[in-house]
Amino acid sequence: MATRSRLLAGIALLVVTLTAFFTGRTVEERALAAKARGDMRPSTSPSSAINPGATSYRQLAALDLLKLPFPEFYEALRAAPGEARKKWAGELETMPDGPRRIAAVSAFYKLLVQFDPITASRTISEIKDKRLQYLALECAVDAAPGFAMRTMAELCLSVQGRSSGMLWHVRGEWMFIDAPAVAQFIDDHPDPDGHESLLSRDLIEELASFDPKAAKEWMEKRGESDVPEYRRAFMEGWYENDRAAAVSYVLGHVDDPAMKDSIGDMLRGLYFDSKEEAGKFIEALPDDATRHAAFKAAFENLILGEEEETGEPKSTPRALGDWLTKFPPAYWEGMLTEIFKWSRKPPEAMLAWIEQQPLAIREAVAAEYTPPFQKKTADVLMPVLQVPDPLLRDQLLRAFFKHMDTVPDEARAALATAPISAEQKNHVLQIIAAVETERDQD
Amino acid sequence: MLTGPRIQVAILGLLAAGFAVGGFQAGRHSVNAAALSKQTGETLVDSANLSRRYRVLAENPLGQGSVREIATVPFSELYDVLRSASREQLLAWARDLERMPRGPRQRAAVTAYYKSLIQVDHRAAIEALFRAENLNMRDLAIDALLKAAPESIWGDLAEMMVRLPYQGRGAYREDVIWNWSRVDPEAVSKFIESHPVNQEEDRRLFSLLCNWPNIDPAAAREWLEADPARQTKDTFRAFVTSWAEVDPAAAINYAVANATRPNFQEAINDLVYQFMRLSKDDATKLMLVLPAEQAKAAMGNVAHLTGAVLVGGVPEGYQRPFDEVARWMVSLPVEFWSESIGDLGQEWLKRDATAATGWFNQLSPERRDVAIVSFCRVAESESVEQVMTLGSTIKDRSLRNKVLGEFGRRLRTERNEAMKAISDLPISEDQKAYLRTVMPEDSSGH
């Protein structure tokens with residue numbers, strides 16, 4: 001009995017000692033951690049002027065925290081240990097639904113993720129209200145710094161699953177700043193259903209722009225080297241990494257059908273980077289048919305806009321038109337139609353541009369004239385009727401009616417009210433009839 | 001005496017107290033201060049190495065290149081550097097980032113800089129954007145700063161978005177309105193009123209009304225009703241679906257009361273589809289009180305979306321499984337779904353013929369006929385085998401002949417061409433002969 005009592009007493013003393021030991025250890029660790037944080041703040045920082053007592057996490061509930069001016073909010077959040085941050089996260093979850101909660105959760109996670117993505121990730125994964133969790137996830141993912149992207153991707157995967165739009169969003173953002181890391185992430189989390197094809201295309205481009213050799217190896221490893229879309233993406237990325245090498249490769253493989261789109265991509269890239277190099281590139285192509293195909297692939301789907309809207313002088317219809325028409329019409333035939341269509345300038349501006357073209361190409365240019373998109377026929381027909389040169393006017397009218405989206409009935413209606421003589425109207429009606437006949441024959 | 005129980009307890013108590021104090025002190029001294037300091041440092045600023053980077057940045061504020069490493073500097077350090085920097089320094093850094101060679105390093109640096117700067121000094125961030133010359137980088141910077149912007153500055157950002165030159169570059173304007181309207185929709189409505197845009201349809205209204213009814217439906221409704229120019233298809237859609245999230249009954253009443261209003265059908269379609277996904281009882285309630293035409297159109301939309309191939313930006317679970325939707329559709333009166341179930345059936349048969357056929361076959365005979373007739377009426381020639389298999393089981397003989405005859409007639413515009421086209425169908429000669437026999441004169445079935 002006495003032995004048993006002694007044994008029990010010994011165990012009790014041991015428990016007391018161990019508890020005291022670890023308590024002492026924890027207290028010391030926290031004290032040192034707090035000191036370390038204080039030491040690491042640069043002396044130049046105005047934040048050191050903030051009275052820590054005013055923003056001590058111990059005194060604050062989540063709502064108090066969010067009412068603070070940003071610097072104090074930041075300092076409080078930064079100074080707080082993990083448990084305090086978790087406690088605040090818990091308080092946010094219990095707030096009544098509404099704009100205040102949205103504002104609070106957004107502010108909290110946008111900031112927390114920037115300096116403690118691990119805690120942000122952990123607390124988000126523990127949020128039970130799915131709508132709130134989505135909001136917190138959205139904010140954290142958006143505000144996350146580059147080095148936290150993997151944490152965010154893993155959070156999306158664990159919280160929302162593989163098909164999550166947010167996972168796509170994270171990887172999409174991430175690849176623009178660190179494509180090799182995204183490739184590694186995809187390797188680490190293979191998709192059994194192979195739904196990565198869209199992502200792969202962009203990723204290969206980004207990988208190649210970062211490191212063409214690594215991109216090539218990654219494609220080979222995944223058996224994607226021969227997929228035309230991926231090869232094209234690779235070439236685009238390679239162009240960004242080493243323009244001369246990519247251009248030279250494409251010119252050396254012009255006969256490869258898989259290079260057709262890449263020829264256009266190179267030409268477009270060169271047009272924006274160096275018109276001189278673009279000119280050399282087009283002349284280095286073997287024949288007019290290839291040059292024409294290159295122009296088509298490069299510019300057919302290019303979004304054009306006026307400089308005052310986009311700030312891009314090279315993307316205006318006029319700038320592209322100027323450049324294309326420096327080359328023989330055989331290169332660009334059919335390409336000007338889109339340029340006329342997307343011009344937002346008054347129709348008179350493009351008509352004046354056509355009038356100024358050298359006679360050698362003016363007819364070819366006029367033959368592609370198209371009424372500008374989404375303008376009333378009456379408004380765009382009148383300027384053509386006012387072109388002084390009768391030959392050019394007829395060429396323009398033929399092209400105008402030929403390329404109209406709507407049937408020429410609308411043109412007839414517009415013509416009926418046009419302030420021109422009956423004779424002129426008859427002449428134009430004859431042109432319309434001739435275009436209709438041509439259309440019927442086609 | 002010393003061996004008495006009280007004495008023993010007292011000694012034991014003293015020993016326990018001594019061990020507790022000793023253990024506590026031993027615990028404190030056992031902590032390796034250097035190691036902990038390093039560990040804490042890593043948590044906060046990711047090692048002393050990064051602190052060196054901080055010093056480079058802080059001590060060389062206008063130095064070319066130092067800011068370019070910004071993507072590797074943790075926010076804790078960056079925050080202090082940015083706060084201590086003058087406005088001119090901040091703008092100079094922004095300029096330096098613009099001039100980096102384009103590529104991933106530049107994108108990473110620009111993103112990191114603006115995500116941080118917007119939290120530290122949003123006015124400097126805005127000024128930097130106004131001074132930006134590299135417009136591609138400006139776009140990237142706008143994207144980055146909108147993602148990390150504190151909730152209190154949406155108004156300033158909205159103002160910036162309407163004043164920045166080159167408005168034709170992007171659609172970020174709606175992003176600002178969307179985010180701002182989640183926290184202060186009334187302010188957004190006033191902003192929109194005071195900053196009209198010269199566009200056919202102002203997309204900002206849609207963004208606002210996606211959120212406002214969730215917070216204050218009465219105010220949102222009053223604002224929407226106050227100006228007919230605000231009542232577009234998209235604003236009605238946003239308004240009713242957002243309202244339905246917080247008050248389904250009120251949204252149903254509103255939808256029914258406005259069902260025949262111009263621009264309102266898409267709102268009904270969206271509302272029915274939303275309820276069908278999230279609350280089938282509400283979907284049923286709404287269908288039963290809608291005018292017949294609007295209800296049928298909404299059902300058509302449900303069938304179409306269920307089988308449609310939707311690309312990009314579709315929330316998870318937006319499309320429900322075929323069997324779930326089909327079950328809900330046929331739980332309603334026949335007239336609601338008799339025209340649209342065929343659309344759903346055709347897509348389902350394409351993707352999982354066994355399941356779809358099984359579903360058709362388990363319907364009551366009357367409903368089964370209606371569903372198969374509906375399918376045959378929309379089926380394309382590529383579904384001919386299923387049309388013949390299922391169509392031949394329609395119980396009403398004259399209806400069967402009519403429906404299958406119409407299917408054959410739809411193969412071509414001209415009847416004689418349609419007759420010829422039957423020859424190329426992958427069905428038996430008897431079936432071809434049957435289709436020719438029952439084919440009507442014109443495509444309307446006569």
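The values are calculated or read from the model by the stated rules, or taken from the named source; none is laboratory data. Predicted model only: the values in this text are computed from it and were never measured. Cβ: placed from backbone, ideal geometry, glycine included. Neighbour counts: every protein chain shown.
Out of curiosity, is A:TRP332 under 19 Å from A:PHE281 (Cα atoms), surrounded by 17 or more Cβ atoms within 10 Å (Cβ to Cβ) and not small (Gly, Ala, Ser)? In short, yes. Among the residues examined, A:THR290 does not qualify as of a type in the set (S, T, N, Q), away from chain B (no Cβ under 14 Å) and surrounded by 18 or more Cβ atoms within 10 Å (Cβ to Cβ). Within the bounds of the stretch A:405-415, is there any residue that is more than 23 Å from A:ILE339 (Cβ to Cβ), assigned to a loop (DSSP other than H, G, I, E, B) and modelled with pLDDT under 90? Looking for residues that are more than 23 Å from A:ILE339 (Cβ to Cβ), assigned to a loop (DSSP other than H, G, I, E, B) and modelled with pLDDT under 90, one finds at least one in the stretch A:405-415, hence yes. Just wondering, is there one or more residues in the stretch A:167-187 that are at the interface with chain B (Cβ under 9 Å from one of its Cβ atoms) and closer than 30 Å to A:ALA84 by Cβ? Yes, because at least one residue in the stretch A:167-187 is at the interface with chain B (Cβ under 9 Å from one of its Cβ atoms) and closer than 30 Å to A:ALA84 by Cβ. Looking across the stretch A:334-361, the residues that are in a helix (DSSP H, G or I) and in contact with a helix residue (DSSP H, G or I) (Cβ under 7 Å, 6 or more places away or on another chain) come down to A:LEU336, A:THR337, A:ILE339, A:PHE340, A:PRO347, A:GLU348, A:MET350, A:LEU351, A:TRP353, A:ILE354, A:GLU355, A:ILE361. Restricting attention to the stretch A:117-166 and to residues that are in a loop (DSSP other than H, G, I, E, B) and of a type in the set (Lys, Arg), the residue that is surrounded by the most Cβ atoms within 10 Å (Cβ to Cβ) turns out to be A:ARG162. Of the helices (runs of 4 or more DSSP H) lying entirely inside the stretch B:109-206, not one is found with 3 or more residues being in contact (Cβ under 8 Å) with a residue 40 or more places away in the chain, under 23 Å from B:ASP234 (Cβ atoms) and of a type in the set (Ser, Thr, Tyr). Of all residue pairs spaced 6 or more apart or on separate chains, those with beta-carbon atoms under 8 Å, a first member in the stretch A:206-224 that is more than 14 Å from chain B (Cβ to nearest Cβ) and a second member that is crowded, with 16+ Cβ neighbours inside 10 Å and of a type in the set (Ser, Thr, Tyr) are A:MET219/A:TYR230; A:ARG222/A:SER200; A:GLU224/A:SER200; A:GLU224/A:TYR230. Total residues in the stretch A:290-333 satisfying the condition of being outside any helix (DSSP H, G or I), over 22 Å from A:LYS260 (Cβ atoms) and not basic (Lys, Arg): the figure is 7. The set of residues in the stretch A:75-86 that are out of contact with any helix residue (DSSP H, G or I) (no Cβ under 7 Å at 6 or more places or on another chain) and under 14 Å from A:ILE127 (Cβ atoms) is empty.
Would you call B:ALA255 farther than 30 Å from B:ASP156 by Cβ, within 23 Å of the chain's Cα centre (by Cα) and among the aliphatic types (A, V, I, L, M)? So B:ALA255 fits the description; yes. All conditions in (1) modelled with pLDDT under 95; (2) closer than 17 Å to B:LEU90 by Cα; (3) charged (D, E, K, R) hold for B:ARG163, with the sole exception of (2).
Considering B:ARG131, B:ARG123, B:ARG169, B:ARG173, the condition of being within 30 Å of B:ALA229 (Cβ to Cβ) and either within 10 Å of chain A (Cβ to nearest Cβ) or more than 25 Å from the chain's Cα centre (by Cα) (or both) is satisfied by B:ARG169 alone. Selection over the stretch B:213-242 of residues that are under 17 Å from the mean Cα position of the chain (by Cα) and either farther than 15 Å from B:ARG261 by Cβ or outside any helix (DSSP H, G or I) (or both) gives a count of 4.
Considering only residues that are among the acidic types (Asp, Glu) and under 30 Å from the mean Cα position of the chain (by Cα), look in the stretch A:263-296 and name the one that is nearest to A:GLU236 (Cα to Cα).
Per the stated criteria, the residue is A:ASP265.
In the set B:GLU324, B:GLU339, only one residue is among the acidic types (Asp, Glu) and assigned to a loop (DSSP other than H, G, I, E, B); that residue is B:GLU339. When residues in the stretch B:89-108 are screened for being assigned to a helix (DSSP H, G or I) and within 22 Å of A:ALA208 (Cα to Cα), 5 of them pass.
Yes/no matrix, rows are residues, columns are (1) in contact with a helix residue (DSSP H, G or I) (Cβ under 8 Å, 6 or more places away or on another chain); (2) surrounded by fewer than 19 Cβ atoms within 10 Å (Cβ to Cβ):
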residue: A:ILE204; (1), (2): yes, no
residue: A:ALA214; (1), (2): yes, yes
residue: A:GLU220; (1), (2): no, yes
residue: A:GLY223; (1), (2): no, yes
residue: A:TYR230; (1), (2): yes, no
residue: A:VAL247; (1), (2): yes, no
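Within the stretch B:71-117, if we keep just the residues that are within 7 Å of another protein chain (Cβ to nearest Cβ) and basic (Lys, Arg), the residue that is farthest from B:LEU135 (Cα to Cα) turns out to be B:ARG83.
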